Amino acid sequence: MSEATRRGDGLLPILAARSVALYALSLHAAAGALMAWTAGDAGMLALAAAVLALVLIIGESFGSSLDLGLEGTSRLRLRVTVAAAYASFVVLALTAAVGTGEARLLGQEALIFTVLQAAFLLLVDLGRTHLGPVANALVLVVLASLRGGVVAAVAVVGGLALLGFFLALDHAARVLQAYPPGRADLLGATLRRAAASLAPIVVGLTILFVLSPPAPLARVRFPAAAPGPRDEEVAAAYRRLVVFGLAGSGLIFVLVRLLRRDRGARSPLEEALSLEQGIEEALAEPPPLVRRDYHGRRGRIVRAYVQVLARARDVGFLWRPSQTPRDIAAHLPAPSGPLDALTELFVGARYGPDEPSEEQAVAAERAGQAVRAGLGRKTRV
């Protein structure tokens with residue numbers, strides 16, 4: 001066994017299960033729309049199941065051969081063009097069907113979007129994205145929901161559940177393709193986590209639809225001769241659908257694992273940017289912290305205040321770094337007049353923009369002497 005095959009052993013079950021989930025979602029959505037607006041007999045359901053399984057196997061297994069000449073910018077232009085054209089067609093089709101209210105037109109659109117679902121599955125590997133078939137499946141679910149009744153309820157609940165499983169498996173597959181895990185068995189854990197997350201939502205919607213069944217679109221005009229399928233007929237059709245879906249799912253799971261075995265070490269799904277190496281930029285050393293020196297009259301006032309603090313520390317007065325000069329003055333046991341004057345002069349000299357005058361410097365020195373003389377008692381706060 002090759003190294004690439006060995007490394008892809010943990011990825012192959014996830015890829016095969018993702019293909020099965022996409023097939024189940026596609027078949028469920030197409031069958032719901034066909035049963036809602038066409039005859040939806042056993043032959044049509046069997047044909048839809050067989051065709052969707054065949055095109056998905058071809059698309060998942062051999063679609064990468066169409067990548068030639070569609071790399072980079074060309075691939076992006078193709079995605080944008082197809083997405084814009086498809087979105088415009090969906091808006092036009094749904095608007096026309098709802099606006100006219102013709103059941104016959106809705107039946108024709110169900111057939112058209114079923115054919116488009118097969119086309120998207122055939123080209124599913126072209127752009128390394130599953131947005132096309134997932135979006136088209138949701139359109140088919142919307143068409144089925146317009147019918148109301150059991151068909152609409154099953155289409156919505158089943159479509160939501162299958163979409164959740166597909167998204168969980170798709171996320172796991174993309175992560176494993178980007179970071180090959182070796183022989184990791186994550187399929188069971190992924191399915192259990194998805195089931196635990198989806199169960200409350202599915203059960204809640206089921207109870208809601210049982211208590212209040214969805215009504216058909218009021219604007220739609222049904223032919224008098226064809227009021228719609230009875231509940232027994234719908235149940236029988238879904239039993240046949242389950243059989244067809246299980247057969248197609250088993251075939252897809254086996255064939256996708258076999259046909260993708262030699263592609264286990266496929267390159268990551270996202271295009272990575274190339275790394276550019278260069279010379280590392282040298283960071284300049286931060287400038288050293290320099291203690292600010294005060295000169296002249298400003299320095300004389302600052303030194304007078306610092307000498308008072310030194311004297312206060314000697315006699316046992318302690319202060320916190322968070323306290324301001326005015327907070328210190330409020331607790332310092334010294335003559336309030338000289339202390340208040342010195343504090344104001346210090347604040348102006350330390351933080352003010354203007355150079356103090358000679359009179360202010362002399363006043364600060366005299367006030368400092370008076371405060372130091374009054375600090376004879378040991379006090380602690």
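The values are calculated or read from the model by the stated rules, or taken from the named source; none is laboratory data. Note that the structure is a prediction, hence the values are computed from the model and not measured. Please note: Cβ atoms are built from the backbone with ideal geometry, for glycine as well, and neighbour counts cover all protein chains shown.
Provide a single number: the residues in the stretch 16-41 that are within 18 Å of LEU146 (Cα to Cα) and either outside the structural domain of VAL154 (by TED's automatic domain parsing) or not in a helix (DSSP H, G or I) (or both).
3
Specify which of the listed residues (ALA36, ALA31) is farther than 27 Å from GLY188 by Cα, at pLDDT below 85, buried (at least 24 other Cβ atoms within 10 Å of the Cβ) and not aromatic (Phe, Trp, Tyr).
On inspection, the qualifying residue turns out to be ALA36.
Please go through the stretch 343-369 and pick out each residue that is in contact with a Pro (Cβ under 9 Å, 6 or more places away or on another chain) and either within 11 Å of ARG298 (Cβ to Cβ) or buried (at least 18 other Cβ atoms within 10 Å of the Cβ) (or both).
THR343, LEU345, PHE346, GLY348, ALA349, ARG350, ALA364, ALA367, GLY368
Which one of these is aliphatic (A, V, I, L, M), at pLDDT below 85 and in contact with a strand residue (DSSP E or B) (Cβ under 9 Å, 6 or more places away or on another chain): ALA83, ALA97, ALA103, ALA42?
Step by step, each of ALA83, ALA97, ALA103, ALA42 is checked, and only ALA103 is aliphatic (A, V, I, L, M), at pLDDT below 85 and in contact with a strand residue (DSSP E or B) (Cβ under 9 Å, 6 or more places away or on another chain).
Of LEU66, LEU12, LEU25, which residue is modelled with pLDDT under 85, of a type outside the set (S, T, N, Q) and either under 18 Å from LEU138 (Cα atoms) or in contact with a Gly (Cβ under 9 Å, 6 or more places away or on another chain) (or both)?
After applying the criteria, what remains is LEU12.
Looking for something out of contact with any Cys (no Cβ under 8 Å at 6 or more places or on another chain) and at positive phi - is there at least one such residue anywhere in the stretch 321-340?
No: zero hits.
What are the pairs, 6+ residues apart or on separate chains, where a residue within the stretch 79-104 that is basic (Lys, Arg) has its Cβ under 9 Å from a residue that is part of a helix (DSSP H, G or I)?
Filtered contacts from the stretch 79-104: ARG79/LEU131; ARG104/TRP37.
Which residue is modelled with the lowest pLDDT, if the candidates are limited to the stretch 342-364 and must be hydrophobic (A, V, I, L, M, F, W, C) and farther than 16 Å from LEU309 by Cβ?
Top of the filtered list is ALA361.
Filter the stretch 350-369 down to the residues that are polar (S, T, N, Q) and in a helix (DSSP H, G or I) and list them by number.
Matches in the stretch 350-369: GLN360, GLN369.
Working only within the stretch 308-325, note down all residues that are part of a helix (DSSP H, G or I) and out of contact with any helix residue (DSSP H, G or I) (no Cβ under 6 Å at 6 or more places or on another chain).
LEU309, ALA310, ALA312, ARG313, ASP314
Filter the stretch 327-341 for residues that are part of a helix (DSSP H, G or I) and aliphatic (A, V, I, L, M); which is farthest from ILE301 (Cα to Cα)?
For the stretch 327-341, the residue satisfying everything is ALA330.
Would you mind finding the one in ALA330, ALA334, ALA310 that is hydrophobic (A, V, I, L, M, F, W, C) and crowded, with 16+ Cβ neighbours inside 10 Å?
Of ALA330, ALA334, ALA310, the one residue that is hydrophobic (A, V, I, L, M, F, W, C) and crowded, with 16+ Cβ neighbours inside 10 Å is ALA334.
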